[in-house]
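All remarks here apply to the structure that follows.
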Amino acid sequence: MGGDEFDPARCNTFEAGLGKTTPVGAYPDGVSAYGCYDMAGNVWEWTESPWPKREEFRVVRGGSFGLDGDYAAPAFSMGAHAHFGEDGIGFRCART
């Protein structure tokens, strides 16, 4: 399967049917070519980038466990209110 095709067995999106977050590494077949885990699905990632249409919003990307795989595509992003909190939005922490 190529990198342009969605495979629900490689990330935590709605298709997984879990309805909650999973620990890092729960989808070892979904690791990127750079060795990064869980970059799609699980939780939306807050970014510092402002959402162009509403200044009080920030860009979130990566999809979450609550939405289907179409929203987890790398090119997809959406805006969320900067003071909004919910269990499907968070941070992706990295260590080197």
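Give the relative contact order (percent, whole number) for the chain; include only Cα pairs under 8 Å separated by 6+ residues.
On the way: 178 pairs, mean separation 25.9, N = 96.
The normalised contact order for the chain reaches 27 percent.
Amide H contacts for S49 (H built 1.01 Å from N in the peptide plane; partners 5 or more residues away or on another chain; cut-off under 5 Å): V59.
Backbone phi angles across the range 6-17, fed through the Karplus curve with coefficients 6.51, -1.76 and 1.60 (θ = phi - 60°), yield HN-Hα couplings of 7, 10, x, 7, 10, 7, 8, 10, 3, 4, 5, x Hz in residue order; Gly and Pro are listed as x.
Counting only DSSP beta bridges with both residues in the chain, what percent are antiparallel, rounded to the nearest 5? That works out to approximately 75 percent antiparallel.
Taken about its Cα centre, the chain carries a charge dipole of about 300 debye when Lys and Arg each add +1 at the Cβ and Asp and Glu each add -1 at the Cβ.
Near D68, the amide H atoms lying under 5 Å from its own belong to F14; only residues 5 or more places off or on other chains count, and H is placed 1.01 Å from N.
Using log10 I(q)/I(0) by the Debye sum over Cα atoms at q = 0.16, 0.18, 0.23 Å⁻¹ as the read-out, say which of [x] -0.78, -0.98, -1.37; [y] -0.72, -0.85, -1.22; [z] -0.64, -0.80, -1.20 was calculated from these coordinates. Label [z] holds the value from this structure. Across the range 65-72, coupling constants 3J(HN,Hα) worked out from phi with the 6.51/-1.76/1.60 Karplus curve, θ = phi - 60°, read 5, x, 10, 6, x, 4, 7, 8 Hz, and Gly and Pro carry x.
Think of the chain as having a plus end and a minus end, set by charges on the Cβ of Lys, Arg, Asp and Glu; of Y27, W51, G63, W51 sits farthest toward the positive end of this dipole. Once the Cβ-Cβ distance of F6 and E86 is raised to the sixth power relative to R0 = 22 Å, the FRET efficiency obtained is 0.40.
The numbers here are math on the coordinates, done by the rules we state, and not lab data. Because the structure is a prediction, the values reported are computed rather than measured. All Cβ positions, even for glycine, are placed from backbone atoms using ideal geometry, and neighbour counts span all protein chains on display.
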